[in-house]
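Only one structure is covered here, and it is reproduced in the block below.
The values are calculated or read from the model by the stated rules, or taken from the named source; none is laboratory data. What you see is a predicted model; the values in this text were computed from it and never measured. Here the Cβ positions follow ideal geometry from the backbone for every residue, glycine too, while neighbour counts run over all protein chains shown.
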Amino acid sequence: MHDKSPSGCITPIYSAGNLGPAAETVRAGGLVIFPTETVYGLGASALVDNAVAGIFVAKGRPQDNPLILHLYSTARLGEAVSSVPRSAEVLFEAFSPGPLTIVLPKASQVSSFVTAGLPTVGIRFPSHPVAREFLELCDLPVAAPSANISGRPSPTSLEMALSGLDGKVDCAVDGGFCQHGIESTIVRCTDDEVVLLRPGAITVEMIAGCLAEALLDIRVRAVGAEPSAAAVAGSHAVAAGSAVAARSERPGGPEARASGPEAPGMSYRHYQPRAEVLVTERIDGARARTRFHGRRFGVIAMNRPPVGIGQATPVYVMNSAEEYAHLLYRKLIWFDDQGCDVIIAELPPPEGVGSAVRDRLVRAAGGQAL
Ligand code: TXA
Ligand code: MG
């Protein structure tokens, strides 16, 4: 007997302590929504090509956007990758289980359905206790993207995931609200360098610090700095990897774009609510009121409510970059639900997880600044 589904949903829901049927569903080639500490994932057995193909259909995901493999234990890493450079060993040791994905050369048995034909595969060990219970019971690598319809904000609660995927999956696992709220940091590791492909809660400063502590003289660089960063008017430091520690570099400068072979998938439309999103370093409330006169707009502010915005405007104030990350996707959807057709989002400072929040916001805005 499964737990009760949210009202109106037909998807069977399972919770901690009762995950056997959800794991069996994966083992039998089904699709299962499950929680992680970052965002909810849409999981399938990486050993069943048809199941992996089903992920792309359910999400409407472009075929050339590779999936991440989720594993329970590093003891099984050898089944998924053909080699593990020292840098990856050190980073897995320091940050796994946790919100870090490492891209490594794939083992021959990993299906090209998972990797979209690439010779590499992204590996992650989630730390969410419910994800761990689920993955241990699955006892195989689970391929999973974020559990959203392609292009939409990633779900940070089961309700959000089901709002797009109810009826398109076989069952779901409930694990409450996700702790971090944005997707894992992705790095590609080789013997000579660590390349940041997507910023996240494990920051580039943490990665560089960890490699230095292990006495590894390895270059750390970032691709996929905020797209169209130049569009953020008056921006003082907008590159995702702007605070990269010593021995690191950012070829292409702040306007460097995530490009095909470096970071597949990062160039697609991403994280977008129905409302148009505009980013700014600091909002001038009175000017925004004049510009959007007659339109319903909402504001995500950093640290304090904007001055002169007017009583009727929905405003949500984030008090830290961590809170911003945790609530970002939920709030974007909340402004949609408030009937807003424009969301103006103040960017957090480009430090720590703030860099990752900026990256997601600029993508949600399609590079459009206020
Ligand atoms: O936190 C997360 O990583 C979540 C949870 C569910 O684990 N997953 C997630 O998956 O965000 P997804 O599919 O939404 O984003 C995965 C991205 C791809 O778009 C691609 O940019 C990158 O990971 N990726 C996967 N495999 C890769 C590879 N072999 N080389 C380079 N990038 C890769
Ligand atoms: Mg995604």
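Of the residues contained in the range 40-49, one or more are found to be part of a loop (DSSP other than H, G, I, E, B) and of a type outside the set (A, V, I, L, M). Filtered by the rule that a residue be under 22 Å from the mean Cα position of the chain (by Cα) and crowded, with 22+ Cβ neighbours inside 10 Å, the range 76-94 gives Ala88, Leu91.
The residue of the range 38-67 that is farthest from Ser111 (Cα to Cα), among those that are more than 15 Å from ligand 2 (Cβ to nearest atom) and out of contact with any helix residue (DSSP H, G or I) (no Cβ under 7 Å at 6 or more places or on another chain), is Val57.
Among what's in the range 41-75 and is closer than 18 Å to Ser96 by Cα and either under 14 Å from the mean Cα position of the chain (by Cα) or within 13 Å of ligand 1 (Cβ to nearest atom) (or both), pick the residue that is surrounded by the most Cβ atoms within 10 Å (Cβ to Cβ). Here the residue is Gly41. Pairs are defined by a Cβ separation below 7 Å, a sequence spacing of at least 6 or placement on different chains, a first member in the range 279-294 that is buried (at least 18 other Cβ atoms within 10 Å of the Cβ), and a second member that is among the basic types (Lys, Arg); no pair meets this definition. For residues that are within 16 Å of Cys189 (Cβ to Cβ), aliphatic (A, V, I, L, M) and either within 8 Å of ligand 1 (Cβ to nearest atom) or free of Cβ contacts under 8 Å to residues at least 12 places away in the same chain (or both), tally how many sit in the range 100-120. Total meeting the criteria: 2.
Is it the case that the range 322-333 has a residue that's more than 30 Å from Ile68 (Cα to Cα), modelled with pLDDT of 95 or more and of a type in the set (A, V, I, L, M, F, W, C)? Checked the range 322-333: no residue is more than 30 Å from Ile68 (Cα to Cα), modelled with pLDDT of 95 or more and of a type in the set (A, V, I, L, M, F, W, C).
Listed by position, the helices (runs of 4 or more DSSP H) inside the range 80-195 whose residues that are under 25 Å from Tyr14 (Cβ atoms) number at least 1 are 112-115, 129-138, 158-165.
Considering the range 302-344, and only residues there that are over 20 Å from Ile149 (Cβ atoms) and assigned to a strand (DSSP E or B), the residue that is nearest to the chain's Cα centre (by Cα) turns out to be Met318. Of the residues making up the range 173-194, at least one is of a type in the set (Gly, Ala, Ser) and away from ligand 1 (no atom under 11 Å from the Cβ).
Suppose we keep only residues that are of a type in the set (A, V, I, L, M) and over 30 Å from Thr190 (Cα atoms) within the range 121-166. Which one would you say is farthest from ligand 1 (Cβ to nearest atom)? Ranking the qualifying residues of the range 121-166, first place goes to Leu137. Among the residues making up the range 345-370, those that are among the charged types (D, E, K, R) and either more than 13 Å from the chain's Cα centre (by Cα) or not in a helix (DSSP H, G or I) (or both) are Glu346, Glu351.
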